[in-house]
Protein chains: 2
Amino acid sequence: MATLTVPQSIPSPTEDSEQLRNAFKGWGTNEGLIISILAHRNAAQRKLIRQTYAETYGEDLLQSLDKELSSDFEGIVLLWTLDPAERDALLANEATRKWTSNNRVILEIACTRSSHDLLLVRQAYHARFKRSLEEDVAAHTTGDFRKLLVPLVSSYRYEGPEVNVTLAKSEAKILHNNISEKAYNHDEIIRILTTRSKTQLNATFNHYNNEFGNAITKDLKADPEDDFLAAVRTTIKCLLTPEKYFEKVLRLAINKLGTDEWALTRVVATRAEVDMKQIKEEYYRRNSVPLDHAIKGDTSGDYEAMLLALIGA
Amino acid sequence: MATLTVPQSIPSPTEDSEQLRNAFKGWGTNEGLIISILAHRNAAQRKLIRQTYAETYGEDLLQSLDKELSSDFEGIVLLWTLDPAERDALLANEATRKWTSNNRVILEIACTRSSHDLLLVRQAYHARFKRSLEEDVAAHTTGDFRKLLVPLVSSYRYEGPEVNVTLAKSEAKILHNNISEKAYNHDEIIRILTTRSKTQLNATFNHYNNEFGNAITKDLKADPEDDFLAAVRTTIKCLLTPEKYFEKVLRLAINKLGTDEWALTRVVATRAEVDMKQIKEEYYRRNSVPLDHAIKGDTSGDYEAMLLALIGA
């Protein structure tokens, strides 16, 4: 569930646009006003505000924000204000251009979004970059990573509740056989992880655990230094327990010597409207500190205020 | 361009449904009436007729047709009446279940449809089969064919007019190097064919021809017995010159000892509303016989009449 809070009665997009324009006017910028509006409008409402603002003032709201704001606060406001599909397209493009084997953003987008939302990301990617997402991912990666990432970003998984138990058993065995032989990049492992529905995969991994005595992610920890093995574990985590995956991204971002603001910004901006409630619960369970306390301790000023508004603190 | 002809003023879906119901009534079926209606309505109109028919008579029009008609005539009427995305989903599923290395239907659907239409096929596949298209293709194929077919059915190619000339040159070279070394299943060949836009690929193949003296499809004819090599050639043909690909399917279907009715039915039903005009021109160019003459010589009765109506004879 989302942590975004939207007032019961909201001003019209015209009023919101005017208020934002006022916030940009004169000496200094009224950051509080910007937060009070944008951090409390859902994606459809923000889209309308952006349209109205562009029609009224002849400038993209994002450009105005870009001119007025700076540093981490600018980062979160811009990322948040974007349409979710466009935002994911930008994040995926950035991750693709700067790709390194320990970058998890492509995996994260491919595996934690719904099938339909991933299609929207691919459409937004066409519109923005004049290429396809899978084309860029394929061109910037090689070897085992390409073999895993390209089908993940191209997937359109079935999302119904059906489970084929016979299939779950036989594919648990296929996975176990290959993992036992350390053939982590085997075609069949890639096929199963990149094409089966999340519900079906959950059944398969349960059978794996029951039949072979370990969670599959545990058996995939053979070599902690192996980046590809880590990517396979991340894939499984993103597909089945996204709240645990995001909790860990937040934990590492916050606990790092010098907070990783971009990771913090990314998770809050992309999940506030989706499942931030579960992520906050998971964070508290795992760290015995509420997420808002942790954020207060690590950030400050308008950036802090925007993060807290989005996580519903 | 399409060969489908729709009258300037058409009856309402209710009138069409009534007429179809009349055609099914009493002794025998009025096949001529069925052809005069269904063979002259576009996809949107057929969809409305199907909806109206189901609401009025409590039965799917396809079920009624299935009960009333038989053999090849039944085949073409059913396939034609289906929604294009649903029809492709059915054809792809049939080809996947009965997959053999010389079956070209999956390739044909993946490479001759627009990016958007291929997404619609994948959505229709979910709705109908409770699995994803790429999931079934991956599960029913192995080795090099899987490596080629899964990304093809998962692709969402960019369709803008942009061409990157530098890229076309460098990728023509990559293709040539691998083809020279007979590494036809090389990751880079698969990557280029499965992710680049059709416009970009066209530029790449032109550079290939200019730089290395042969059309790429010629260099891919090294071993005429190799099914995978044939599949790579078919991929290129379907992507860039679908009218030539379909002309050949029709030619082989008609010239075969005992016509291949299912291939003939498939091409006419899937292309009448798309590019059958170009296919007919290509057929005449290649065979010096108009397609309608060839069809008249090889088929008969209602099946013949339906085919001729759809190809605008």
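The values are calculated or read from the model by the stated rules, or taken from the named source; none is laboratory data. Treat the numbers as computed from the prediction; the structure is a model and nothing was measured. Cβ: placed from backbone, ideal geometry, glycine included. Neighbour counts: every protein chain shown.
Are there any pairs with C-beta distances below 6 angstrom linking a residue in the stretch B:128-144 that is without any contact (Cβ under 8 Å) to a residue 12 or more places away in the chain to a residue that is among the hydroxyl-bearing types (Ser, Thr, Tyr), with the two at least 6 apart or on different chains, and if so which? Note: pairs meeting the criteria are B:131/A:158; B:132/A:156; B:132/A:158; B:135/A:195.
The number of residues in the stretch B:248-261 being crowded, with 16+ Cβ neighbours inside 10 Å and hydrophobic (A, V, I, L, M, F, W, C) comes to 4. Within the stretch A:39-64, the residues that satisfy the criterion of being touching a Phe, Trp or Tyr at 6+ places or on another chain (Cβ under 9 Å) and surrounded by fewer than 21 Cβ atoms within 10 Å (Cβ to Cβ) are A:59, A:60, A:64. Looking at the stretch B:221-313, the helices (runs of 4 or more DSSP H) lying wholly inside it that each contain 1 or more residues that are within 19 Å of residue B:110 (Cα to Cα) sit at B:227-240, B:242-255, B:261-271, B:276-287.
A search for C-beta distances below 8 Å between a residue of the stretch A:196-214 that is among the charged types (D, E, K, R) and any residue that is in a helix (DSSP H, G or I) and surrounded by fewer than 21 Cβ atoms within 10 Å (Cβ to Cβ), counting only pairs 6+ apart in sequence or on different chains, returns A:198/A:240; A:211/A:169; A:211/A:173; A:211/A:176. The helices (runs of 4 or more DSSP H) found entirely in the stretch B:86-175 that carry 3 or more residues being at negative phi and more than 10 Å from every other protein chain (Cβ to nearest Cβ) are B:105-112, B:115-129, B:143-154.
The set of residues in the stretch A:176-213 being outside any helix (DSSP H, G or I) and either aromatic (Phe, Trp, Tyr) or touching a strand residue (DSSP E or B) at 6+ places or on another chain (Cβ under 7 Å) (or both) consists of A:184 alone.
Can you tell me which residue in the stretch A:206-237 is nearest to residue A:185 (Cα to Cα), limited to those that are more than 21 Å from the chain's Cα centre (by Cα) and of a type in the set (D, E, K, R)?
In this case the residue turns out to be A:226.
Residues considered: B:64, B:101. Of these, the only one that is under 26 Å from residue B:138 (Cα atoms), hydroxyl-bearing (Ser, Thr, Tyr) and in contact (Cβ under 8 Å) with a residue 40 or more places away in the chain is B:101. Restricting attention to the stretch A:276-313, the residues that are among the basic types (Lys, Arg) and over 20 Å from residue A:244 (Cβ atoms) total 1. The set of residues from the stretch B:24-63 being more than 24 Å from the chain's Cα centre (by Cα), of a type in the set (A, V, I, L, M, F, W, C) and at pLDDT 95 or above comprises B:33, B:54.
Condition first: under 27 Å from the mean Cα position of the chain (by Cα), among the β-branched types (Val, Ile, Thr), surrounded by 21 or more Cβ atoms within 10 Å (Cβ to Cβ) and within 20 Å of residue A:116 (Cα to Cα). Can you find one or more residues in the stretch A:145-157 that meet it?
Within the stretch A:145-157 (the criterion being under 27 Å from the mean Cα position of the chain (by Cα), among the β-branched types (Val, Ile, Thr), surrounded by 21 or more Cβ atoms within 10 Å (Cβ to Cβ) and within 20 Å of residue A:116 (Cα to Cα)), the answer is yes, since at least one residue qualifies.
Candidates are the residues of the stretch B:176-211 that are crowded, with 17+ Cβ neighbours inside 10 Å and of a type in the set (A, V, I, L, M, F, W, C); the one that is farthest from the other protein chains (Cβ to nearest Cβ) is B:179.
Conditions tested, residue by residue: (1) free of Cβ contacts under 8 Å to residues at least 60 places away in the same chain; (2) more than 22 Å from residue A:137 (Cα to Cα); (3) among the β-branched types (Val, Ile, Thr).
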{"site": "A:19", "(1), (2), (3)": "yes, yes, no"}
{"site": "A:28", "(1), (2), (3)": "yes, yes, no"}
{"site": "A:43", "(1), (2), (3)": "no, yes, no"}
{"site": "A:48", "(1), (2), (3)": "yes, yes, no"}
{"site": "A:57", "(1), (2), (3)": "yes, yes, no"}
{"site": "A:84", "(1), (2), (3)": "no, no, no"}
{"site": "A:116", "(1), (2), (3)": "yes, no, no"}
{"site": "A:125", "(1), (2), (3)": "yes, no, no"}
